[in-house]
């Protein structure tokens, strides 16, 4: 899952550093992701993992790092199971 | 407004009475000169300082007035009924104070600073725009250059309202020389920390007293003067919602002033022929309903914001996308409403509303109100909401 998230953030996050240099807990906003870019990351994640982020998850902190995104996806999957 | 005053606490009522008194006796008297000469409303601002209203939102324990956001909204509307420039300067200063109160109380330096704001009624201006970035609040070109416990900053701002008259500046900048454009901090420079070179003049259609020329700021200060929270958090939780609420309150005041003149005109017409409804009376009834809807949209969002802030279990909702979208919606709808309402008032008053020197003139209200859709351009806000609505589920 982490690889897929990395690939999506790398493609849509508009980071100012290469995705390979981002550690799981690094702040993606500090790495250059704008709120507009974060929406594209959300759309790509929804398409790739075939799920929808509920509105309560649409906030800055949920998408601030690779590990935060992974935690959110795990939470959604466990709810669906 | 009368209803709001009846349900207010005794403190609110005292503050409101104070603002109404200043608006009537000082602000109104100088508003034509402020507009005509495009000059800073020094008499009005001196009276607001004298009444200690620049620290109205600073906690009582720090020497301030301890008022609520609702009180500030009421004050902005009352001031704008008499002089929109004075009201907008008051609003912009209060937005800065609210940011410091919401995000600076964990810092000993900012606690000391807020005490000084209360003690000496310091006026704070905002420096968020920048050459190369325009009005994009969430990106900066300039950066904080740290050297041990000090930092240096140079910012070329496209607009600094009342920068020359302000005591202090609250400025956005990138957090470090190698930080991304969106990795910003908010920092405060006091009068002795900076030099401001004014660039250009402010000779605009309306809001002429805000003196919103560009400026080059160069400053050196202690790193303690950088707010500890990232600016992204301050913007989402306080600066954007409070700006849009207080600006909208100013626009309500402009609209209310124009409708007041239209109503006076219709009353004068009705007195000429009692028993015959003046033709414009229906248009007055129509625009009056629109003004009420505009005010209601401001107070509904203000109540929601204050409720969320005061409930620790729900305060996180303020930084959720859905709330940001609603805040943006208030800005675009109120900024469009003010022009529509003032234009309707103009149609009611006819040529008497169009003339600058008539008691029924709404010319200044029309000019001032036109700034609303440009202060953070509405299209920029629609673009942000268009993006959010691609992922938001509840409508």
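No lab work stands behind these numbers, since they all come straight from the coordinates. None of these values were measured; they are calculated from a predicted model. Here Cβ is always computed from backbone atoms with ideal geometry, including for glycine, and neighbour counts include all displayed protein chains.
With helices as the sole contributors, chain A gives -16000 deg cm²/dmol at 222 nm; each DSSP H run of n ≥ 4 counts as -39500 (n - 2.57), and the sum is divided by every residue. By the equivalent-ellipsoid construction on the alpha carbon gyration tensor, the protein assembly as shown comes out with semi-axes of 41, 28, 20 Å, ordered largest to smallest.
Work out the mean other chain Cβ neighbour count within 10 Å for the residues of A:50-63 and drop it here as an integer.
Whole-number average of other-chain Cβ neighbours for A:50-63 is 5.
Using C-alpha pairs under 8 Å with a sequence gap of at least 6, the mean separation divided by the residue count of chain B gives a relative contact order of 15 percent.
Sorting B:375-386, A:29-40 by average packing, meaning the other beta carbons within 10 Å per residue, from highest down gives A:29-40, B:375-386. Would you please classify the overall shape of segment B:130-186 from the alpha carbon gyration tensor, given that a ≥ b ≥ c denote the square roots of the eigenvalues, rounded means a/c under 1.5, and beyond that prolate means a/b larger than b/c while oblate covers the rest? Oblate, because a/c is 1.5 or more while a/b does not exceed b/c.
Please compute the average number of Cβ atoms from other chains found within 10 Å of each residue's Cβ in peptide B:227-236.
That works out to 2 on average.
Beyond 25 Å, what share of the Cα-Cα pairs of segment B:231-388 remains, rounded to the nearest whole percent? For segment B:231-388, the share of Cα pairs beyond 25 Å comes to 39 percent. Computed from Cα positions, the angle between helix B:378-388 and the longest principal axis of chain B comes to roughly 60 degrees. Relative to the longest principal axis of the Cα atoms of chain A, helix A:66-80 runs at roughly 10 degrees.
Decide, for segment B:125-225, between rounded, prolate and oblate: order the square roots of the alpha carbon gyration tensor eigenvalues as a ≥ b ≥ c, take rounded if a/c falls under 1.5, and otherwise choose prolate if a/b is larger than b/c, else oblate. Because a/c hits 1.5 or more and a/b fails to exceed b/c, segment B:125-225 counts as oblate.
When only alpha carbons are used to place a centre, segment B:240-270 and segment B:83-134 end up 26 Å from one another. Taking a ≥ b ≥ c as the square roots of the eigenvalues of the Cα gyration tensor, segment B:93-166 is classed as oblate, since a/c reaches at least 1.5 and a/b does not exceed b/c. Other protein chain C-beta atoms within 10 Å of residue C-beta, averaged over A:28-39: 6. Axis of helix A:2-12 versus longest Cα principal axis of chain A: the two differ by about 60°, to the nearest ten degrees.
Here the sum of -39500 (n - 2.57) over DSSP H runs of 4 or more residues, divided by the residues of chain B, equals -16500 deg cm²/dmol at 222 nm, to the nearest 500.
So what does log10 I(q)/I(0) come out to for chain B at q = 0.08, 0.12 Å⁻¹, using the Debye formula with one equal point on every Cα and no solvent? Each listed q corresponds, in turn, to -0.41, -0.94.
Rounded to the nearest Å, what's the spacing between the alpha carbon centres of segment B:332-386 and segment B:29-62? Just the number, please. Cα centroid of segment B:332-386 versus Cα centroid of segment B:29-62: 24 Å apart. Here each label is just a point 7 Å from Cα along the line to Cβ, and for residue B:333 and residue A:11 those points are 3.8 nm apart. Between segment B:163-220 and segment A:12-52, what's the alpha-carbon centroid distance in Å? Between the Cα centre of segment B:163-220 and that of segment A:12-52, the gap is 32 Å. Treating each Cα of segment B:2-122 as an identical point scatterer and summing with the Debye formula, the log10 of I(q)/I(0) at q = 0.13, 0.14, 0.15, 0.23 Å⁻¹ comes to -0.50, -0.58, -0.66, -1.30.
Once you compute Rg and the Kirkwood Rh from C-alpha atoms, what is the Rg to Rh ratio for chain A?
When Rh is taken as the Kirkwood radius, the ratio is 0.93.
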